[in-house]
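The values are calculated or read from the model by the stated rules, or taken from the named source; none is laboratory data. These figures come from a predicted structure and were not determined experimentally. Here the Cβ is made from the backbone with ideal geometry for all residues, glycine too, and neighbour counts use every protein chain on show.
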Amino acid sequence: MIKTVETEVGGRLLTIETGRVARQASGAVMVRYGDMVILVTAVSETNQREGVDFLPLTVNYQEKFYAAGKIPGGFFKREARPADSETLTSRLIDRPLRPLFPDNYFFETQVIATVLSADPELHRDTVALVGASAALAISDAPFGGPIAGVRIGRIGGEFIVNPTYEQMEESELGLIVAGTRDAVTMVEAGAREVPEAVMVDAIEFGHREIVRIVEIQEELVRQVGQEKRAVVVKEPSAEERALEAEIRKAATDGIATVNCTPDKKARQKALNGVKDKMVERFDDEEGSKRSFIREVCGSIEKEDMRRLILEKKTRVDGRRFDEVRPISCEVGFLPRTHGSALFTRGETQSVVVTTLGTSQDEQRIDALEGDSKKRFMMHYNFPPYSVGEARFLRGPGRREIGHGALAERSLVEMLPDEERFPYTVRIVSEITESNGSSSMATVCGGTLSLMDAGVPIATPVSGIAMGMIKDGNDVVILSDILGVEDHLGDMDFKVTGTEKGITALQMDIKIAGVNKQILSDALAQARDGRLHILSKMLEALAEPRSDISTHAPRIITVKIHPDKIRDVIGPGGKVIRSIVERTGAKIDIEDDGSVKIASADEAACAEAIKIIEDLTQEAKIGKIYTGTVRKIMDFGAFVEIFPGTDGLVHISQLAEHRVQKVEDILKEGDTVAVKVLEIDRQGKIRLSRKEALAETESKSK
């Protein structure tokens with residue numbers, strides 16, 4: 001039976017339909033918004049895998065090129081591995097869904113969102129999120145939704161719901177808000193130095209829209225929702241309860257002492273020592289109780305850390321709630337890179353490198369909305385040694401791609417435009433140590449490396465990660481959180497920005513949600529921490545260097561007439577290849593006649609420019625040129641005044657006296673001074689040796 005619910009969002013009709021497609025799935029919906037159609041399915045297995053003690057939730061968002069009437073590029077002509085944009089959308093959907101499953105639900109669950117029809121004007125991520133929530137809500141999986149998500153823009157001081165791609169070009173804010181009927185559970189934003197108060201208002205505005213979308217999902221659940229699967233909570237046996245009591249009695253004091261160890265490695269080593277002792281003391285010969293013992297110790301660790309913060313008003317490493325760890329910054333850290341920085345905050349450290357390239361280095365993107373080029377790239381790497389582990393090195397995962405995207409959003413609005421700074425910019429962050437908030441270290445190090453590379457950014461950007469511990473009405477907000485505070489806390493809230501305002505925001509809530517007051521308090525405390533970090537950064541380098549590195553390519557732009565482009569390129573690219581081979585410079589030519597010459601060698605740039613100017617210069621009437629005689633005719637001589645351009649010196653214009661034969665005055669290969677007398681409509685040039693000589697003589701007198 002086909003059922004449909006709908007509501008208006010941002011001036012367009014949002015429709016959710018079920019019962020027509022993918023009826024074997026646990027839950028399936030078709031979401032339509034404008035001309036966009038996304039199929040979202042949810043399946044949760046009924047058999048639990050052995051040994052699984054976590055929620056194995058997988059979210060896959062995929063875009064089909066046929067949705068935009070396109071055929072994929074490449075040899076195989078089919079969609080390949082997910083693009084970064086698809087991976088980021090999968091992460092965006094996953095983050096607000098995951099906390100809404102019961103803690104002890106361990107069944108394999110998969111959500112697949114497939115774009116079947118793409119509206120070229122509209123973003124797809126929040127629509128896919130709504131579909132994922134609806135599919136889970138009507139399924140038998142014990143999902144605590146529904147939830148919804150919207151994008152909020154701001155143009156001319158007015159908030160806009162689900163702005164188009166075109167509107168986003170003008171918007172000072174690109175905010176995605178997700179939440180339930182009662183609270184906001186996830187926030188992600190990029191902004192142009194937006195004040196904290198405006199950000200809070202935007203989040204609240206977005207939540208009002210979310211409530212209306214949640215309501216139509218609730219209506220759909222009333223019509224077709226399945227009975228939710230009962231979650232069987234395994235009650236501990238009397239023996240397990242007794243064992244837990246013994247473990248708690250033996251381990252609590254030791255774990256409480258260890259939890260106050262500031263150094264991460266020392267603390268982890270000591271915690272493992274306590275757990276090993278408990279296993280040695282309470283485990284049986286078969287080792288059957290080992291997992292249970294370690295689980296109880298983990299619970300004690302979490303409870304004690306939260307008690308330490310809520311009751312004793314102190315943190316694991318002894319800091320105040322609003323205190324930032326010690327910071328050190330170094331620039332020019334690497335000798336041969338274009339720009340580099342070493343940013344260290346406590347036990348989190350990042351080596352960040354900026355590389356400058358030409359337009360040939362731009363990233364080409366083949367997407368549903370069309371082909372595009374990207375001149376700023378931010379890549380984040382998290383090697384296993386940064387947390388003292390030995391793991392197989394693989395390509396970047398969802399977390400690495402997500403952290404890189406957050407740092408990119410933080411910095412992109414501060415970069416100069418292409419006309420002012422015609423470089424492609426790539427930043428790479430290598431996390432060399434990690435104990436919380438390595439993405440924010442990437443932002444801070446990225447700013448310093450850009451300035452070290454001589455990139456004239458508008459203003460420096462810093463970032464901080466905030467956390468929260470909440471127990472009833474007792475709420476503590478933590479600045480610059482440690483890894484353990486992130487893992488055992490209730491919120492991960494990352495804020496980046498300048499002195500003026502916010503440039504990026506990412507918030508994930510592990511509890512039911514947060515209210516406006518908590519958001520406002522967290523942003524205010526984050527601003528203080530951000531500005532403190534920024535002051536430390538500016539002590540290392542106060543402003544961008546006045547010039548780019550000597551190792552970076554110098555890009556000089558010259559303009560030529562578009563009709564002359566073919567002269568520079570030559571037949572089959574012969575001419576431009578010869579210039580590149582001769583000078584070693586990179587040359588890019590745009591359709592408007594902009595020619596960009598790039599080389600780390602200034603002499604090579606100058607030589608390439610001269611060659612191009614010679615190829616493209618145009619003769620000027622009245623100007624004297626020194627040319628080469630290329631051909632002798634009975635009526636005159638053809639003289640090449642500059643490469644590719646010649647004119648005719650008629651026999652009457654060779655000398656003051658009457659000339660019988662051209663060969664009496666000129667021979668092929670002679671160098672001769674000539675003056676341009678006329679250029680006719682066909683571009684033919686009439687030259688005079690006689691007038692050039694006369695003018696030269698008069699100047700010499």
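Quick rundown of the values:
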item: Of residues in region 181-201 being assigned to a strand (DSSP E or B) and under 19 Å from Leu97 (Cβ atoms), the one nearest to the chain's Cα centre (by Cα); result: Glu188
item: Failed condition for Thr671, given (1) among the polar types (S, T, N, Q); (2) in contact with a Ser or Thr (Cβ under 9 Å, 6 or more places away or on another chain); (3) buried (at least 18 other Cβ atoms within 10 Å of the Cβ); result: (3)
item: Test for Ala637: is it surrounded by fewer than 16 Cβ atoms within 10 Å (Cβ to Cβ) and either part of a loop (DSSP other than H, G, I, E, B) or in the same structural domain as Ala692 (by TED's automatic domain parsing) (or both); result: no
item: Checking Thr89 against (1) without any contact (Cβ under 8 Å) to a residue 40 or more places away in the chain; (2) surrounded by fewer than 24 Cβ atoms within 10 Å (Cβ to Cβ), the condition it does not meet; result: (2)
item: Close pairs (6 angstrom Cβ cut-off, 6 or more residues apart or separate chains): within 18 Å of Ile565 (Cα to Cα) in region 599-616, assigned to a helix (DSSP H, G or I) and of a type in the set (Phe, Trp, Tyr) anywhere; result: none
item: Test for Thr503: is it of a type in the set (Val, Ile, Thr), closer than 30 Å to Pro422 by Cα and part of a strand (DSSP E or B); result: yes
item: Residue pairs meeting the criteria (Cβ under 8 Å; at least 6 apart or on separate chains; first among the hydrophobic types (A, V, I, L, M, F, W, C), in region 1-14; second part of a loop (DSSP other than H, G, I, E, B)); result: Met1/Gly19; Ile2/Gly19; Ile2/Arg20; Val9/Asn162
item: Which numbered condition Ala504 fails, given (1) surrounded by fewer than 22 Cβ atoms within 10 Å (Cβ to Cβ); (2) modelled with pLDDT of 95 or more; (3) among the small types (Gly, Ala, Ser); result: (1)
item: Selected residue [assigned to a loop (DSSP other than H, G, I, E, B), touching a residue at least 24 places away in the same chain (Cβ under 8 Å) and either hydrophobic (A, V, I, L, M, F, W, C) or not assigned by TED's automatic domain parsing to the domain that holds Pro571 (or both)] from Glu691, Glu668, Glu663, Glu678; result: Glu668
item: Among the candidates Arg409, Arg394, Arg420, residue that is part of a helix (DSSP H, G or I), assigned by TED's automatic domain parsing to the domain that holds Ala522 and out of contact with any helix residue (DSSP H, G or I) (no Cβ under 9 Å at 6 or more places or on another chain); result: Arg409
item: Lone unmet requirement of (1) farther than 25 Å from Gln24 by Cβ; (2) surrounded by fewer than 21 Cβ atoms within 10 Å (Cβ to Cβ); (3) under 26 Å from the mean Cα position of the chain (by Cα); (4) not hydroxyl-bearing (Ser, Thr, Tyr) for Arg98; result: (1)
item: Single unsatisfied condition, Gly273 versus (1) within 16 Å of Arg241 (Cα to Cα); (2) assigned to a helix (DSSP H, G or I); (3) of a type in the set (Gly, Ala, Ser); result: (1)
item: Out of Ala256, Ala230, sole residue that is part of a helix (DSSP H, G or I) and at pLDDT below 95; result: Ala256
item: Answer from Ala22, Ala28 - the residue that is closer than 25 Å to Glu219 by Cβ, in a strand (DSSP E or B) and among the small types (Gly, Ala, Ser); result: Ala28
item: Any hit, region 55-62, residues being buried (at least 18 other Cβ atoms within 10 Å of the Cβ), aromatic (Phe, Trp, Tyr), part of a loop (DSSP other than H, G, I, E, B) and in contact with a Pro (Cβ under 9 Å, 6 or more places away or on another chain); result: no
item: Search result, residues across region 352-391 that are touching a residue at least 40 places away in the same chain (Cβ under 8 Å) and assigned to a loop (DSSP other than H, G, I, E, B); result: Thr358, Glu362, Leu368, Glu369, Arg375, Phe382, Pro383, Gly388
item: Residues that are closer than 13 Å to Leu687 by Cα and not hydrophobic (A, V, I, L, M, F, W, C), drawn from region 621-640; result: Gly622, Lys623, Tyr625, Thr626, Gly627, Thr628, Gly636, Glu640
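Listed here are the residues, each with its yes/no results for (1) among the acidic types (Asp, Glu); (2) at pLDDT below 95; (3) in contact with a Phe, Trp or Tyr (Cβ under 7 Å, 6 or more places away or on another chain).
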residue: Pro72; (1), (2), (3): no, yes, yes
residue: Pro82; (1), (2), (3): no, yes, no
residue: Asp94; (1), (2), (3): yes, no, no
residue: Pro102; (1), (2), (3): no, yes, no
residue: Ile112; (1), (2), (3): no, no, no
residue: Leu116; (1), (2), (3): no, no, no
residue: Thr126; (1), (2), (3): no, no, no
residue: Ala137; (1), (2), (3): no, no, yes
residue: Gly145; (1), (2), (3): no, yes, no
